[in-house]
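The values are calculated or read from the model by the stated rules, or taken from the named source; none is laboratory data. Note that the structure is predicted; figures quoted are calculated from it, not measured. Because the Cβ atoms are built from the backbone with ideal geometry, glycine has one as well, and the counts that use them run over all protein chains shown. With ligands, DNA and RNA removed, areas are computed over all heavy atoms of the protein, side chains included. Shrake-Rupley method; radii C 1.70, N 1.55, O 1.52, S 1.80 Å.
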Amino acid sequence: MKNKMGKVILVGAGAGDTGLLTIKGKKYIEEADCIIYDRLASPELLGMAKHGCECIYVGKENHKHIMKQDAINELLYKKSREYSLVVRLKGGDPYVFGRGGEEALYLRKKKIDVEVVPGVSSVVAALADAGIPITHRGIAKGFQVITAHSKKDEEAQIDYTLLTDESMTCVFLMGLAHVEHIAEELIRAGRRPDTPAAVISNGTLATQKKCIGTLESIGYKVKCAKLESPAIIVVGNVVSLNDQLDFFEKRPLFGRKITVPYIEAMGERTHFNKLITDLQQLGADVDTIMVGKILPIPISDFEKEISSSDWILFTSRNGVRAFFYNMKFNDTDIRCLAKIRFGVVGKATEQELKNYQIKADLVPDEQTGAGLAKALKKQISDQTKVCIFSAKEASEDLERELQKFCHVIKTDAYENVNVSEQDYILKPADTVISEVVFTSASNVERFFQMLPEEIMVERAYSIGKKTTEALKKKNVMNICESEESTYESVVSLITKNKSVVSFIQLGYNGSQNKLR
């Protein structure tokens, strides 16, 4: 245990959407030695932590306390004695009904250095994404924020006579179970029964749902809709603007649950995966499943291999990353690349090479291994030495094609390994997976291996021919193949295709789309 006290940062994680985390909050999460966190709407935030960071869950869910507040306070103090930087990660804003003030006061009494990083509260964010501005000139000149929960997790004692000004927006947090009572009390205190009211569940997330009504009807509507926590209640004339300002739910993929099996590429987290982030930005509820990891292979005679090559070819972004991993691993002088020319299979690989300040000399129009070989053949002689940096388990098609007209060395630059103890558990109701996106044949193989028996897939999106062939071998019938082997083409294909209707809703119980 260190003699010097560490510092504790209370960081607001935002309302749920990962993108609402502040730049300052992200910086502290990345630097933290220890993260003590609540139930987070976006668990991906923990993926930003550095290797070796201790992460401790102390959250609360549906009145179940993993750890009482006094114990959390003491834990923060204890960890500040062990680590230089401790992050207390809290949903929303630490000081908006988040008990952050209590934690900060406790730590200050213990002489611990404390800093607070505000978060984007659901008070503002959830309303905005529901198409409801919390204030609006001529409609609402201010707002009141009230917790509907008491200190003992009971219904709060609220003086509703203070909430009767119709020029104010009233926002109630943690009150889903008391919507009907809150509405009745507001009417009893003097608010008009036809005052617009809304309840927003899972605000800012792709699973967001809402009920729009009046004080008189909102309780019944929420019961019928069966909304889930966390939810926020808003009362006031600004609710009437939601039809005009509801941009969030009008995104092209909103309401569609899309499953994306992915392979973690050399430490790349899901929030850096362009396919996943593009789908999320279009409104999709993306269910990510890690089915493997890509690891670079150290090459002992790396410098000898590249120094004897005239051309180096990359068939994927991972090949580029593995190449420069070995540059660093072998402490190779960058000047040894001066006379080498570089060819890449497509635009994504070209961009990855640019990230290392090298422009590709060859990018084929046909973004396949065959297209790369065909384009290269026009530029080289039979004495040219070509080195391919690709996966250990990569197809030999490109190598065989190149051997017809030049000298070829294939270097195993990286390998695709299985994820240990990784299980994908479906919810009991999920007997059908609506839409799944596959970006490689290996993704197909591993995804199917991980799923329980008797699960059906309604529609599969494929990035290319080999992936499609792998899906057909699994007896998947409804396959949509993208025109180009790029993430952009796949996303375009998904956007153009309308969401499939669940076989369950149709009463379908056939077996031709069984995964096994």
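List of remarks:
- Å² of accessible area per residue within the chain, as computed with a 1.4 Å probe and no ligands counted: 51 Å²
- Note on Phe405 and Phe254: with the Förster distance fixed at 56 Å, the Cβ-Cβ geometry gives a FRET efficiency of about 0.65.
- Segment His136-Leu241, extension gain: residue separation times 0.36 nm, minus the distance between their alpha carbons: 36.8 nm
- Remark on the range 83-178: hydrodynamic radius 15.7 angstrom, per the Kirkwood mean of 1/r across alpha carbon pairs.
- Using C-alpha pairs under 8 Å with a sequence gap of at least 6, the mean separation divided by the residue count of the range 69-225 gives a relative contact order of 16 percent.
- Helix axis angle, 69-82 relative to the chain longest principal axis, alpha carbon, degrees: 40 degrees
- Computed from backbone phi, the HN-Hα couplings of the range 353-359 come to 5, 4, 4, 9, 6, 10, 8 Hz, rounded to whole numbers (Karplus: 6.51 cos²θ - 1.76 cosθ + 1.60, θ = phi - 60°; Gly and Pro given as x).
- C-alpha center-to-center spacing [the range 255-333, the range 194-234] in angstrom: 42 Å
- Length gained when the stretch Lys496-Asp382 is fully extended (0.36 nm per residue, less Cα-Cα span): 36.5 nm
- The angle between the Cα long axis of helix 100-109 and the main principal axis of the chain comes to about 90°, on a 0 to 90 degree scale.
- Selection from His181, Ser84, Ala265, by position along the positive dipole direction of the chain (Cβ): Ser84
- Full-stretch length increase - Glu303, Lys374 - with 0.36 nm per residue and alpha-carbon distance subtracted: 22.8 nm
- Note on Ile56/Ile23: beta-carbon distance plugged into 1/(1 + (r/R0)^6) with R0 of 30 Å gives a FRET efficiency of 0.75.
- Neighbours of Lys392 by Cβ distance under 14 Å: Lys/Arg scored +1, Asp/Glu scored -1, total -3.
- Here the chain is treated with +1 on each Lys and Arg Cβ and -1 on each Asp and Glu Cβ, and its dipole about the Cα centre works out to around 660 debye.
- For Thr147, distant residues with modelled amide H under 5 Å away: Leu173
- Across Lys7/Lys328; Lys404/Lys465; Lys27/Lys78; Lys377/Lys466; Lys354/Lys385, pairs whose alpha-carbon gap is larger than 29 Å: Lys7/Lys328
- Computed on the chain, with alpha-carbon pairs under 8 angstrom and 6+ residues apart, the relative contact order is 10 percent.
- For the range 114-119, Karplus couplings with θ = phi - 60° (6.51, -1.76, 1.60), whole Hz, Gly/Pro x: 10, 9, 10, 10, x, x
- Cut-off under 5 Å, modelled amide H: who pairs with Thr288 long-range: Val260
- Solvent-accessible area, 1.4 Å probe, carbon plus sulfur percent, for the chain: 50 percent
- Formal net charge of residues neighbouring Asn330 (Cβ-Cβ distance under 11 Å; K, R +1; D, E -1): -3
- Per-residue [θ]222 nm for the chain (sum of -39500 (n - 2.57) over DSSP H runs n ≥ 4, rounded to 500): -8000 deg cm²/dmol
- Here's how it looks for Lys7: its modeled amide H is under 5 Å from those of Leu85, Val86, which are all 5 or more places away or on a different chain.
- Simple rule: put +1 on each Lys or Arg Cβ and -1 on each Asp or Glu Cβ in the range 191-333, find the dipole, and look at Ser217, Ala198, Val235; the Cα lying farthest toward the positive end is Ser217.
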